[in-house]
Amino acid sequence: MAGIYIYSEEQPVTEQLLTAGKTLANSLNEKINVIDFSEQDSESFIKKGADHVLCLKSDHPWPESYAQIIADILKEKDPTVVLIGGTLRGKTTASIIAAKLQTGLVNNAFAIEGSGSVIETKRIMYSGIAVCTEELCHGSIVTIEPRTFDAAQDSDHQGDTENIDIQPEAKTITVGNVCPIVHQDNDIATAEKLVCVGRGLSDQNDMKLAEELAEKLHAQICCTRSVAEDYHWLTTDKYVGLSGAKVKPNLYISMGVSGQVQHVAGMRDSKVIVAVDTNENAPIFAAADYGIVGDLHEIIPLLTKELG
Amino acid sequence: MKIIVCYKWVPDEQDIKIAADLKVDMSMAKWKISEYDKNAIEEAALQAENNAAEVTCLTFGTSKAKQSLKDALSRGPEKAYWVNDAKAENTDGFVTANILAAAIKKVGIPDLIFFGEGSEDSYGQQVGPRVAALLDIPALTFVTKTAVKDDAITTTRSIGNCTEDVTASFPAVVCMLPEINKPRIPSLKQVLKASKKPVEEIKLADLGLSDAELTVKNKVKSIQGFVMNRKNKLYQDGSSAEKVKALVSDLAKEGLA
Ligand SMILES: Cc1cc2nc3c(=O)[nH]c(=O)nc-3n(C[C@H](O)[C@H](O)[C@H](O)COP(=O)(O)OP(=O)(O)OC[C@H]3O[C@@H](n4cnc5c(N)ncnc54)[C@H](O)[C@@H]3O)c2cc1C
């Protein structure tokens, strides 16, 4: 048996993985199978390119508890490759499945390509300084972060659905107090424009400069890890980088951000990057399209004014 | 309560250079305990101080990782286990997890096993939950808070669009996010004390793993410097106001102002 298997506990992410899956399916001449929990979604997945949807019927609320069941299914199906949505839950689930199946796992692939029977992935290493290209073993698992691909388009594609009744093992776990993270303002991960503040701000009053600029641009405000974790001027969901949010706005303007590799790893997919920093040797300028070497206290108000 | 905290000895990425042919040059790199793992060690040390936990640490590394032991021990653990093998030079999440799980079984499965959220060098983000799966115990990942009561741990997980409290009875694997604590800078006294703490070297051959379990799964074809393709235009002429004007005019051309 063979086939490409796709799973995410988040339906929009599955639709994005279908885009990657369809390209792979073409070059490898394989069928696409989606594993999901809701029968309602299966029609939409089929329209977007799935040949077969396996619908797991159960009401256990903790997505991670399905790892064993998905591993059992995959073991029987012997897939060529498994794509799992690289949410944080997804990466945990993928790791458990990979261990159960004793197979390889590439987390956070930003590219995947097939030719003949060979599949290659790319992911970053050393905090983003380097890119690692790997050739996958048969049956390897790959996680791909949300928004790496656009959702697949609807078509008149045909496929079928199979319902599977399952009973996830309870394990010795209880889950409670589930709180959605309410993003003050909007979610920076999907913002069109971002103003990013770093430790170059002298004190919290300087946040005003960022706010005024953001208001002019209709932008959201984000920050470096230091600003969130050491200064607490913004909440931790607002910091950008390797261990923070990955953003790709059309415009990203930084002020007083040095541009250390861990930060840049989270913003370098932005379309246009502008940096303002006093240190002309700051690494942020290597990551920027446009830069002004100068004091943010002087430059930012001028910029806000010039934007009219 | 017994805790094993796992850590990895990694090159400091600040010293990694990318050559003109995009080769990664680590010859100048100093090595250190992965920053994310320092958070895991700190959380274990806090459990030792506040809940009288018995903490040991475990690393799989080459002979070079010997240098890490004293640093690790000065951060709190009372004993270090070191699986010393050249295989650590060329490993992956699959092999590392097989080795760590086998080593943990050999020294005795503790109540809690702590990890960072990923390693600073390869950031594979899988060894912790893989070890949990191999030991058939729960994996609590992306944890920002821990609380131990009786024979169970309650963690707060921060998983993108929500937080949740997950309680697991012992034994369990817990992987920490960096925001959970501020790792200590060991005092001179702690460093001196560390030299007297025991280190047990474990040989790979003693772990009874098969060749298949010790063979990496996916084949690394290349590791190359990331190429940044940016305009890198710096406004150098004129007053600040003129520089800003030039910037806004360029942004307008991009349809952004
Ligand atoms: C394992 C690990 C993971 C990490 N993950 C992340 C991550 O996900 N995200 C993240 O952001 N960081 C991360 N970091 C931290 C990162 O390495 C940097 O320390 C951090 O990004 C620096 O933040 P900063 O640019 O605000 O501060 P600094 O590096 O201190 O830079 C401040 C900048 O402001 C400039 N400046 C000062 N005064 C002025 C002025 N008046 N006008 C204009 N400019 C001025 C300075 O020249 C300097 O360039 C991580 C670190 C580690 C070790």
Scanning segment B:74-84 for residues that are farther than 11 Å from B:Thr59 by Cβ and not polar (S, T, N, Q), which turns out nearest to the chain's Cα centre (by Cα)? B:Arg75
Looking at segment A:44-69, which of its residues are more than 27 Å from A:Gln153 (Cβ to Cβ), crowded, with 23+ Cβ neighbours inside 10 Å and among the aromatic types (Phe, Trp, Tyr)? A:Tyr66
Across segment A:215-236, what is the total count of residues that are crowded, with 21+ Cβ neighbours inside 10 Å, more than 12 Å from the ligand (Cβ to nearest atom) and within 14 Å of chain B (Cβ to nearest Cβ)? 1
Can you say whether A:Ala98 is open to solvent by less than 10 Å² (accessible area, probe 1.4 Å) and free of Cβ contacts under 8 Å to residues at least 40 places away in the same chain, as far as the supplied structure shows? no
Does at least one position in segment B:119-128 carry a residue that is among the β-branched types (Val, Ile, Thr), out of contact with any Leu (no Cβ under 6 Å at 6 or more places or on another chain) and in a helix (DSSP H, G or I)? yes
Taking segment A:284-295 and keeping residues touching a helix residue (DSSP H, G or I) at 6+ places or on another chain (Cβ under 7 Å) and either within 30 Å of A:Glu145 (Cα to Cα) or open to solvent by 10 Å² or more (accessible area, probe 1.4 Å) (or both) leaves A:Ala287, A:Tyr290, A:Gly291, A:Gly294
Within segment B:64-98, which residues are in a loop (DSSP other than H, G, I, E, B) and in contact with a strand residue (DSSP E or B) (Cβ under 7 Å, 6 or more places away or on another chain)? B:Gly76, B:Pro77, B:Glu78
I'd like the full set of residues that are near the ligand (Cβ under 9 Å from one of its atoms), assigned to a strand (DSSP E or B), of a type in the set (A, V, I, L, M, F, W, C) and at pLDDT 95 or above, limited to segment A:237-274. A:Val240, A:Met255
Verdict on B:Lys243 being surrounded by fewer than 17 Cβ atoms within 10 Å (Cβ to Cβ) and either touching a Phe, Trp or Tyr at 6+ places or on another chain (Cβ under 9 Å) or facing chain A (nearest Cβ under 7 Å) (or both): no
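Can you find even one residue in segment A:85-106 that is away from chain B (no Cβ under 14 Å), under 20 Å from the mean Cα position of the chain (by Cα) and in a helix (DSSP H, G or I)?
no
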Residues of segment B:180-223 satisfying the condition of being surrounded by fewer than 17 Cβ atoms within 10 Å (Cβ to Cβ) and under 30 Å from A:Ser226 (Cα atoms): B:Lys182, B:Arg184, B:Ile185, B:Ser187, B:Leu188, B:Lys189, B:Gln190, B:Val191
Qualifying positions in segment B:22-44 - open to solvent by less than 20 Å² (accessible area, probe 1.4 Å) and without any contact (Cβ under 8 Å) to a residue 24 or more places away in the chain: B:Ala29
Among the listed residues A:Asp41, A:Asp72, which satisfies the condition of being open to solvent by 50 Å² or more (accessible area, probe 1.4 Å) and assigned to a helix (DSSP H, G or I)? A:Asp72
Of the residues in segment A:296-308, those that are more than 9 Å from the ligand (Cβ to nearest atom), open to solvent by 60 Å² or more (accessible area, probe 1.4 Å) and facing another protein chain (nearest Cβ under 7 Å) number 1
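The values are calculated or read from the model by the stated rules, or taken from the named source; none is laboratory data. Quick caveat, the model's predicted, so the values are computed rather than measured. Heads up, the Cβs are rebuilt from the backbone with ideal geometry, glycines too, and the neighbour counts pull from every protein chain shown. Note: accessible area is taken over every heavy atom of the protein model, side chains too, but ligands, DNA and RNA are not part of it. Shrake-Rupley method; radii C 1.70, N 1.55, O 1.52, S 1.80 Å.
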